[in-house]
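S.K.: To start, I am sharing the structure in question, which I have written as structure tokens.
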Amino acid sequence: MDARRAAQHKHVVSELNAFAHWYTAPDPSSAGHFLTLTLFAEFPDTLRVARNMTATFLRDAGADVAVEDARLIVSELVGNVLNHAVPDRCLAHPGGNRRIDVTFKLWPKWLFIGVTDEDSTPPLMPQGDTFSPRLMGELAEAVLPDSGRGLLIVQRLGAAVWWTPGEPGGKTVWCRYDFDSATEDSTS
């Protein structure tokens, strides 16, 4: 029982450390790397550009281990904006393009990815498995949910997923990717 409590304590300390780090101003000597991309939903190559810039940023920062997972996370989050976001009235411009901001905050232990859109409607975050594992078999696709698969993928790849409302409107969907767990998974 003591080993279990010690493991739980270590996990809680790790979570608190990650989120405390999130809310502090970055120290220039912290070895952090930061990038914000502004994309437009109506551009035909928005998704490809988002994925490619994710890979370029992470490789340039020396975080090659996260490239494929981060590309998939960004692809799902930006794809949700392209397919579902309707700008709030206060942010909509007749005939204008829908703006998408992709933010990366990279520290030695964590990668935070945020995708901001102009729609303040909260995302529908999946609540665990949507089907019983006993139903899986030859017709696995029959038990998959009709929507929410993208955020389910993001939840599986990331250590944490949440969203924050924007000040004048809109929202940002965030994902935290932990490098410690990625390293442990690849060595197992």
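The values are calculated or read from the model by the stated rules, or taken from the named source; none is laboratory data. For clarity, every value in this text was computed on a predicted model and none was experimentally measured. Don't worry about glycine lacking a Cβ; one is built from the backbone with ideal geometry, like all the others, and counts go over all protein chains shown. Heavy atoms of the whole protein, side chains included, go into the accessibility calculation; ligands, DNA and RNA do not. Shrake-Rupley method; radii C 1.70, N 1.55, O 1.52, S 1.80 Å.
Each row is one residue, and each column tells you yes or no for (1) loosely packed, with under 12 Cβ neighbours inside 10 Å; (2) modelled with pLDDT under 65; (3) part of a strand (DSSP E or B).
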{"site": "115", "(1), (2), (3)": "no, no, yes"}
{"site": "120", "(1), (2), (3)": "no, no, no"}
{"site": "125", "(1), (2), (3)": "no, no, no"}
{"site": "137", "(1), (2), (3)": "yes, yes, no"}
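S.K.: Taking segment 46-73 on its own, how many of its residues are of a type outside the set (Gly, Ala, Ser), open to solvent by less than 70 Å² (accessible area, probe 1.4 Å) and touching a strand residue (DSSP E or B) at 6+ places or on another chain (Cβ under 6 Å)?
M.R.: Counting residues in segment 46-73 that are of a type outside the set (Gly, Ala, Ser), open to solvent by less than 70 Å² (accessible area, probe 1.4 Å) and touching a strand residue (DSSP E or B) at 6+ places or on another chain (Cβ under 6 Å) gives 3.
S.K.: Filter segment 81-112 for residues that are part of a helix (DSSP H, G or I) and of a type in the set (A, V, I, L, M); which is farthest from residue 159 (Cα to Cα)?
M.R.: Here is the first cut: in segment 81-112, the ones part of a helix (DSSP H, G or I) are 81-84.
Add one more test, that the residue is of a type in the set (A, V, I, L, M), and what stays is 81-82.
Working: 81: 21, 82: 24 Å.
Among residues in segment 81-112 that are part of a helix (DSSP H, G or I) and of a type in the set (A, V, I, L, M), the one farthest from residue 159 (Cα to Cα) is 82.
S.K.: Looking at (1) at pLDDT 90 or above; (2) under 20 Å from the mean Cα position of the chain (by Cα); (3) over 17 Å from residue 113 (Cβ atoms), which is the one condition that is false for residue 14?
M.R.: Every listed condition holds for residue 14 apart from (1).
S.K.: Now a separate question. Which ones in segment 94-109 are open to solvent by 20 Å² or more (accessible area, probe 1.4 Å) and touching a residue at least 12 places away in the same chain (Cβ under 8 Å)? Explain how you work it out, then say what you get.
M.R.: From segment 94-109, those open to solvent by 20 Å² or more (accessible area, probe 1.4 Å) are 94-99, 101, 103, 105, 108-109; that's our starting set.
The answer is 97, 98, 99, 101, 103, 105, 108, 109.
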